[in-house]
Amino acid sequence: MIFSQSPELEKKSAYPIDTWFIWLTVIGILVNASGLFLPILEPDGALYATIAKNMAQSGDFVKLMMEGNDWLDKPHFPFWITALSFKIFGINSFAYKLPGLLFWLAGIYYTYAFANKLYNKQTAQWAVLIYLSVEHLILSNNDVRAEPFLTGLMIGAAYYYYLAYRDNKFKNYIAGSLLLAFAIMTKGIFIGCMVLAGFVIEWIIKKDWKQFLNYRWWLSIVMMLIFILPELITLYLQFDQHPEKLVFGQHHVSGVRFFFWDSQFGRFFNNGPIKGSGDKFFFFHTLLWAFLPWSIILYLLVGSYLKNYKAIFSITGNYICSGISLAGFLVFSLSRFQLPHYTNILYPFFAIVVANWLLNLKHEGLLKAIRYSQNTLYYLLFAACTGLIFLVGLPYQVPAIIILALLAFAGIRLFPGKSLQHVLTRSFAVIMVVNLFLNSLFYPTLFKYQCGNAVAASFNEQRLQHIYMFSNVSSEYAFQFYYKGTIHTIDPQQLDTLKNNIVVYTSLEKVNALQRMGYQVQVVEQFPHFHISQVTGNFLNYKKREEVVEQYVIATVQPGLLAKRS
């Protein structure tokens, strides 16, 4: 197997990738960072931000708490890091998103270093450009959850374990185990299984049986278990030591058992407290948009491997990245609990595999298919942005269309022709434009409908220190994060016991129901509301938007009933 770019491909290129690599990398980082100052998206991002806010304000780094209740779902590591960020930068959107972006940035270094060690500089450069431009990774640097942390940690752990595999130096076993432990304390034990599976697949294909007898690998597992002790101790202190706590509707819930079994295997087998309804082909069609603009190339790669499957088992290849990719993809596909962002952590490995395949591709039919599909995608994505301008009813329509047209023209002029390098660079460029468009124009427009931000800003401006929310109205986590005062949860049945007027933040539907029951409720201000991280066609269409938008209000509630309804 040849691991360098063909002379023919280099000859076709008017601009060697070395000339543009630094500039493209800087552009990619800036576009990924362009969501840093946008508000935090509902529901998950705002939920995690609120939990970290509670941790930072209370100074209790043992318990994960939400609305005064013990919270058992995700491990502690990203909350610890985010709470420290809040301590340094204050409680705001930037401080919440920055740690995830930094771990994602670490993924750039490790992707480059790993690809360079496995193959060469050219492959490493293209792997980084692919990593920088994967659509769902860019989206996740705006809608931050656990994945940006995991993305950098997983590729970092794999890189150090590869160095350990190659050089057998103990320091690399330690570094790999430490990063893998951080990843496990971010998502769970399955993460460790995926990384190690890649090495096991490599050893089996190459019949490198002595690795299974190398005590340092077994010691690495022990070190990893030692490094995750902070997570196990905090779980024990919060849950196992308090069997009287009600969690998932039952008592005697073990946090340690949940971490090792229910959180991971329970979701996989669908017999834990958190259930789903998995589709074995969910991630096959999810990748079509999530791995843009490289998804068609990835499908062509997989198809070529399946057609020539015997060549896969040649002992001259490297199988760690492809092994981790395959193990992770199978685990996620077979799981009964699935979400689109789960596969984000595999994209650094996909990037290395795709980059290596592209730079060694000589099949003219596949090269022609790539040129055609990527060129078509280039124009489709520009057209999609233009279409969104009119569909959503975005502001600055004429300037936005002119800028998009100029950028489309600039991409063709800077990277002309059919050379593979220029086709791929245009793919990188268009996804940068798409996400700059999303973060600068599209999302700011949509955030007008995430009303928790606006309501919190209104209360903070008025310096109101005590606000009420009804227990049977869905929690608005963005409001809880951005509001600086104290939020009291009240059951509607408690309204009869009130002594004074209260200010509530709730849905207009709830206010109407209370008024029909005879309560004295006066609407002070009204806000349109929609979960903009889960957009629908009707919401995007500004002509139909009002049909699906809810109304939330600030209202005052007076004690007692005006009249009892019979």
Revision key, fill the gap. Here the residues within segment 177-212 that are more than 15 Å from I324 (Cα to Cα) and under 24 Å from the mean Cα position of the chain (by Cα) are S177, L178, L179, A181, F182, I184, M185, T186, K187, G188
Check your understanding: Could you count how many residues in segment 474-502 are under 24 Å from I51 (Cα atoms) and either β-branched (V, I, T) or in a helix (DSSP H, G or I) (or both)?
Key -> 10
Study note, to complete from the structure: Picking from L514, L495, L508, the residue that is over 30 Å from the mean Cα position of the chain (by Cα) and modelled with pLDDT under 85 would be L495
Study note, to complete from the structure: Counting only helices (runs of 4 or more DSSP H) entirely within segment 247-346, those with at least 1 residues that are over 23 Å from the mean Cα position of the chain (by Cα), among the β-branched types (V, I, T) and modelled with pLDDT of 85 or more are 295-307, 320-334
Exercise for review: List every residue pair whose Cβ atoms sit under 8 Å apart, with the two residues 6 or more apart in sequence or on different chains, where the first one lies in segment 516-544 and is surrounded by 13 or more Cβ atoms within 10 Å (Cβ to Cβ) and the second, anywhere, is of a type in the set (F, W, Y) and assigned to a loop (DSSP other than H, G, I, E, B).
Suggested key: F539/F530
Practice item. Determine whether segment 208-215 contains at least one residue that is surrounded by 21 or more Cβ atoms within 10 Å (Cβ to Cβ), assigned by TED's automatic domain parsing to the domain that holds M66 and part of a helix (DSSP H, G or I). Key: no
Practice item. Report yes if A46 is surrounded by 22 or more Cβ atoms within 10 Å (Cβ to Cβ) and closer than 17 Å to Y482 by Cα, otherwise no. Key: yes
Review point. Is it the case that V523 is touching a helix residue (DSSP H, G or I) at 6+ places or on another chain (Cβ under 7 Å), β-branched (V, I, T) and at pLDDT 90 or above?
Key: yes
Check your understanding: Looking at segment 469-488, which of its residues are within 25 Å of F86 (Cβ to Cβ) and surrounded by 14 or more Cβ atoms within 10 Å (Cβ to Cβ)?
Key -> M469, S475, E476, Y477, A478, F479, Q480, F481, Y482, Y483, G485, I487
Exercise for review: Please enumerate the residues belonging to segment 216-240 that are without any contact (Cβ under 8 Å) to a residue 24 or more places away in the chain and not in a helix (DSSP H, G or I).
Suggested key: none
Revision key, fill the gap. Residue pairs within 9 Å by beta carbon, gap of at least six or interchain, first lying in segment 190-206 and without any contact (Cβ under 8 Å) to a residue 60 or more places away in the chain and crowded, with 17+ Cβ neighbours inside 10 Å, second part of a helix (DSSP H, G or I) and of a type in the set (F, W, Y), listed first then second, are L196/Y161; L196/W217; W203/Y165; W203/W209; W203/F212
Practice item. Taking only segment 350-396 into account, find how many residues are over 11 Å from I297 (Cβ atoms), crowded, with 18+ Cβ neighbours inside 10 Å and out of contact with any helix residue (DSSP H, G or I) (no Cβ under 6 Å at 6 or more places or on another chain). Key: 1
**Study point:** Residue satisfying condition, being within 25 Å of R145 (Cα to Cα) and not assigned by TED's automatic domain parsing to the domain that holds L394, within set K510, K484
**Key:** K484
Review point. Do you know which residues across segment 471-489 are over 16 Å from A454 (Cβ atoms) and modelled with pLDDT under 85?
Key: S471, N472, V473, S474, S475
Check your understanding: How about segment 143-183: which of its residues are touching a Phe, Trp or Tyr at 6+ places or on another chain (Cβ under 7 Å) and either surrounded by fewer than 23 Cβ atoms within 10 Å (Cβ to Cβ) or not assigned by TED's automatic domain parsing to the domain that holds L232 (or both)?
Key -> R145, Y162, Y165, N172, A175, L178
Practice item. Could you give me the residue pairs with C-beta distances under 7 Å whose first residue belongs to segment 94-112 and is within 12 Å of I29 (Cβ to Cβ), whose second residue is in a helix (DSSP H, G or I) and of a type in the set (S, T, Y) wherever it lies, and which are 6+ apart or on separate chains? Key: W104/T151; G107/Y131; G107/T151; I108/Y131
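The values are calculated or read from the model by the stated rules, or taken from the named source; none is laboratory data. Everything numeric in this text was worked out from a predicted model, so none of it was measured. Heads up, the Cβs are rebuilt from the backbone with ideal geometry, glycines too, and the neighbour counts pull from every protein chain shown.
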